[in-house]
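Below you'll find the structure, written out as structure tokens, and then a few comments.
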Amino acid sequence: MNLTKLNNLQKTVLVIAGSDPSGGAGIQADLKTLTSFGVYGMTAITALTEQNTNGVFDILEIPIEFVVKQINCCLSDINANAVKIGMLHSADLISAVLEALVNNNIVSNKKVNIVLDPVMVAKGGHKLLKENAIDALKNFIKVAQPILTPNIPEAEILTGIKINNLKDMKNVGKEIINLGASHVILKGGHMKVRIMTDLLINSSEIHSIETSKIITNHTHGTGCTMASALSASLAKSIDIRHSFEIAHKYVNNAIKTNPKFGSGNGPINHCFNINGFMN
């Protein structure tokens with residue numbers, strides 16, 4: 001990437017997600033990722049969190065009506081070429097965000113991809129989605145037909161099916177397609193294997209990317225980052241398969257070059273591809 005790209009922002013992504021004050025995940029990771037792709041990011045913040053690399057300690061939910069105001073304010077002024085959704089902590093919030101996207105003609109606009117990262121549990125184990133919100137999430141998937149980017153535990157919760165191997169991943173991915181998702185990117189990072197597999201699944205095809213698993217504690221925010229990298233490429237009208245490949249490579253390199261910050265699950269390096277601009 002070169003400086004000219006960053007001076008020529010033409011595509012936009014609206015991020016609807018929670019805040020991570022430590023900067024590794026949430027909207028902070030999203031905005032850094034979008035910027036590194038030369039895409040303009042907007043945000044509607046759903047929650048403030050007390051968290052760092054050692055875990056999530058508290059959550060302050062933003063009033064639902066104010067989340068909706070943020071969405072409406074952005075979309076009524078600056079069009080979104082893609083929408084990336086992260087932490088939606090309750091059934092009422094999920095329903096309100098869906099209604100806002102319908103009212104702003106995002107759901108009906110086939111040129112605007114909705115990327116839904118179904119954030120449910122933080123790496124430290126803190127629940128980020130209330131248990132009674134699963135049905136609302138499934139309804140969101142049915143109506144909005146998003147591109148879904150679950151990890152293995154999230155896919156298991158959505159389908160009620162345990163994943164033990166690659167065959168299970170493929171079957172569960174198909175089950176999520178049956179819920180209404182247009183595509184599923186099922187991430188295999190939780191599998192205890194030497195070669196990790198991520199899958200891109202739609203109603204008729206399955207594409208896979210295999211990489212050697214990187215042994216590190218510095219993977220905080222990889223799910224947020226993957227979904228935002230995907231959204232950035234889709235906003236630029238890059239097809240879903242190539243967007244998947246680009247996002248996968250970006251996250252892999254960001255993990256490899258992580259800054260080794262924090263005493264727990266540390267962040268990755270969102271800016272590895274723009275280092276040196278200020279030198």
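Coordinate-derived values only; no laboratory data. As the structure is a prediction and not an experimental result, all values here were calculated from the model. Counting neighbours? That spans all protein chains shown, and the Cβs are built from the backbone with ideal geometry, glycine included.
Of the trypsin sites (Lys or Arg not before Pro) in region 236-267, the ones in a loop by DSSP (not H, G, I, E or B) with at most 11 other beta carbons within 10 Å are 260. Here the relative contact order of the chain, from alpha carbon pairs under 8 Å that lie six or more residues apart, stands at 19 percent.
If the convex hull of the alpha-carbon atoms of region 29-101 is projected onto planes in all directions, what is the mean projected area in square nanometres?
Details: hull surface 22.1 nm².
Result: 5.5 nm².
Residue separation of residue 213 and residue 165 scaled by 0.36 nm, minus their Cα-Cα distance, works out to 15.8 nm of gained length. Result for the chain in a Gaussian network model with C-alpha springs under 10 Å: among 85, 64, 176, the largest mean-square fluctuation is at 64.
Could you tell me what a quarter of the Cα convex hull surface of the chain works out to, in nm² with one decimal place? Provide the component values of the computation, followed by the final result.
Working: hull surface 54.3 nm².
Dividing the Cα hull surface by four gives the mean projection, 13.6 nm².
Put simply, region 82-185 fits an ellipsoid with semi-axes of 22, 17, 11 Å; these come from the alpha carbon gyration tensor as the roots of five times its eigenvalues, largest first. Top mean-square fluctuation among 190, 89, 220, Gaussian network model of the chain, C-alpha springs under 10 Å? So, out of 190, 89, 220, the one fluctuating most is 190.
Give the relative contact order (percent, whole number) for region 1-100; include only Cα pairs under 8 Å separated by 6+ residues.
Values: 168 pairs, mean separation 31.8, N = 100.
Once normalised by length, the contact order is 32 percent.
Work out the FRET efficiency for residue 60 and residue 205 from their Cβ-Cβ distance, taking R0 = 41 Å, and round it to the nearest 0.05.
Working: r = 42 Å, r/R0 = 1.02.
Once the sixth-power term is evaluated, E becomes 0.45.
When +1 charges are put on Lys and Arg Cβ atoms and -1 charges on Asp and Glu Cβ atoms, the dipole computed for the chain relative to its Cα centre reaches about 840 debye.
When only DSSP loop residues count, what trypsin sites (Lys or Arg not before Pro) in region 147-178 have their Cβ near at most 13 other Cβ atoms within 10 Å?
Qualifying residues, ordered by number: 162.
Per the helix-only calculation at 222 nm, which mean residue ellipticity applies to the chain, given -39500 (n - 2.57) for every DSSP H run of n ≥ 4 and division by its residues, nearest 500 deg cm²/dmol?
Values: 9 runs with 104 residues, N = 279.
Mean residue ellipticity at 222 nm (helix-derived): -11500 deg cm²/dmol.
Positive-end ranking of 72, 214, 113 along the dipole of region 3-256, with charges on Cβ about the Cα centre, is headed by 214.
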